[in-house]
Amino acid sequence: MTLSSDQLQVLTKAYETCQDLAKSNAEACWSVRSWGLGIWAALVAYAFDKDTPAIMVVAGIVLVFIFFMELAIRQVQYAFIRRALEIEDSLNDVLVGGSVRLPASGVSTNIETPTLGDLGRLLSVKRWLVWFPYLMLAFSTYIAFRVTSSIT
């Protein structure tokens, strides 16, 4: 199957759109992480200053909430990356002059709803940069809770 110039432009535009959507989700992840960790740090500092272990519990809850918000955004980001890779395969077929294999779902930006399996893949060892910082912060929150509990 050969593509006309207009079809090639549509395919290229769909690829760029998926890449842009993945990029905007990545930026949203960093915004959520920076705001969330800023709030977490402020709560921990306040708990130490006022010797209030209950605030450490609130900081832990905030940390878990931010972690799951980031995971949800990352699931959507990775779905757009997968879609962009499917379209990229089609563009590569055009470049090498082979028969074009269009993605089964077309060039739509409509992605599948993320599942618990997608969430599980984000918690795999391969994706440790996503979850390991939160694990260390949760451990720090626990230690801080123990320290503030022993002070009062």
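Just a few scattered comments:
- Scanning the range 51-63 for residues that are in contact (Cβ under 8 Å) with a residue 24 or more places away in the chain and surrounded by fewer than 16 Cβ atoms within 10 Å (Cβ to Cβ) yields D51, V57.
- Qualifying residues in the range 103-151 (those that are within 27 Å of E16 (Cα to Cα) and of a type in the set (A, V, I, L, M, F, W, C)) - the one surrounded by the most Cβ atoms within 10 Å (Cβ to Cβ): V107
- Within the range 75-104, the set of residues being within 12 Å of C29 (Cβ to Cβ) and either in contact with a helix residue (DSSP H, G or I) (Cβ under 6 Å, 6 or more places away or on another chain) or aliphatic (A, V, I, L, M) (or both) comprises Q75, V76, Q77.
- Checking W40 against (1) modelled with pLDDT under 95; (2) surrounded by 14 or more Cβ atoms within 10 Å (Cβ to Cβ); (3) of a type outside the set (A, V, I, L, M), the condition it does not meet: (1)
- Residue ID - nearest to I66 (Cα to Cα), chosen from residues in the range 1-18 that are under 24 Å from the mean Cα position of the chain (by Cα) and crowded, with 17+ Cβ neighbours inside 10 Å: C18
- A count restricted to the range 16-51 and to residues that are among the aromatic types (F, W, Y) and farther than 20 Å from F139 by Cα stands at 1.
- Within the range 116-152, the set of residues being of a type in the set (S, T, N, Q) and either under 14 Å from the mean Cα position of the chain (by Cα) or part of a helix (DSSP H, G or I) (or both) comprises S124, S140, T141, T148, S149, S150.
- Restricting the first member to the range 93-106 and to residues that are farther than 16 Å from F80 by Cα and touching a residue at least 60 places away in the same chain (Cβ under 8 Å), and the second to residues that are charged (D, E, K, R) and surrounded by 12 or more Cβ atoms within 10 Å (Cβ to Cβ), the beta-carbon pairs closer than 8 Å and six or more apart or on different chains are S99/D93; V100/D93.
The values are calculated or read from the model by the stated rules, or taken from the named source; none is laboratory data. Please read all numbers here as calculations on a predicted model, not as lab measurements. Because the Cβ atoms are built from the backbone with ideal geometry, glycine has one as well, and the counts that use them run over all protein chains shown.
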